[in-house]
1. Checking the a/c ratio against 1.5 first, then a/b against b/c, what shape does the Cα gyration tensor give for the stretch 120-160?
2. Between residue 90 and residue 55, what length in nm is gained on full extension when 0.36 nm per residue of separation is reduced by their alpha carbon distance?
3. Relative to the present Cα-Cα distance, how much length would full extension add between residue 104 and residue 117 at 0.36 nm per residue of separation?
4. Going from most exposed to least, what order do 50, 148 have by accessible area with a 1.4 Å probe?
5. Which shape class applies to the stretch 49-161: rounded if a/c is under 1.5, otherwise prolate when a/b exceeds b/c and oblate if not, where a ≥ b ≥ c are the square roots of the Cα gyration tensor eigenvalues?
6. Report the extension gain between residue 129 and residue 145 in nm, rounded to one decimal, defined as 0.36 nm multiplied by the number of residues separating them, less their alpha carbon distance.
7. With all protein chains present, calculate the accessible area of residue 131 using a 1.4 Å probe and round the result to the nearest 10 Å².
8. Take 80, 67 and sort them by solvent-accessible surface of the protein heavy atoms, 1.4 Å probe, largest at the top.
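The values are calculated or read from the model by the stated rules, or taken from the named source; none is laboratory data. Computed from a prediction, not measured in an experiment: that's the story for all the values here. Just so you know, the surface numbers come from the protein's heavy atoms only, side chains and all, with ligands and any DNA or RNA stripped out. Shrake-Rupley method; radii C 1.70, N 1.55, O 1.52, S 1.80 Å.
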Amino acid sequence: MWNIARTLTGDNEDQEEGLLGEDSGGLCSLSTTQRIYGFASCLVAGLACMLLSMIVFAKPIKFAALFTFGNLLAVGSTAFLLGPAQQLGMMVDPVRVFATAIYLGCVVIALICALWIHSKVLTIIAIIIEIGALIWYSLSYIPFARRMVSELMIRLCDTEL
């Protein structure tokens, strides 16, 4: 937090750290501004692809390909902020390794169902599971969010009164 305040006020001439709190170690030649622009560009492109996929919703194969591509762009946009190695490290963290595996598996299954099998029903099922897996994966970054959602679902789906 202090690094951000020092960067914004300009008091960090002697530091090698960027606005995002990491030292690239000479591995990345992008400046902080370029990283933020890259993140915003990929995120906007991903969201645009996901929104445009709603136009072709009646054609599940085109929908799945466009939606999944947009989804991957949006998730991959954070690699600009953290760096690809740290992003992959966070994805395989023991807290979210299962959510990551299920999400990536659903992405692959959705693309296989859409582009190879050409099954509309399987494609829609894979996309629905992909959305759920993405939500569960995203919740793993918010402290206690998955526990709250789990308890909420148990309360909502509990049949004992």
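1. Because a/c hits 1.5 or more and a/b fails to exceed b/c, the stretch 120-160 counts as oblate.
2. 9.2 nm
3. Using 0.36 nm per residue and subtracting the Cα-Cα distance, I get 2.8 nm.
4. 148, 50
5. Because a/c hits 1.5 or more and a/b fails to exceed b/c, the stretch 49-161 counts as oblate.
6. 3.8 nm
7. My reading of the accessible area for residue 131 is about 70 Å².
8. 80, 67
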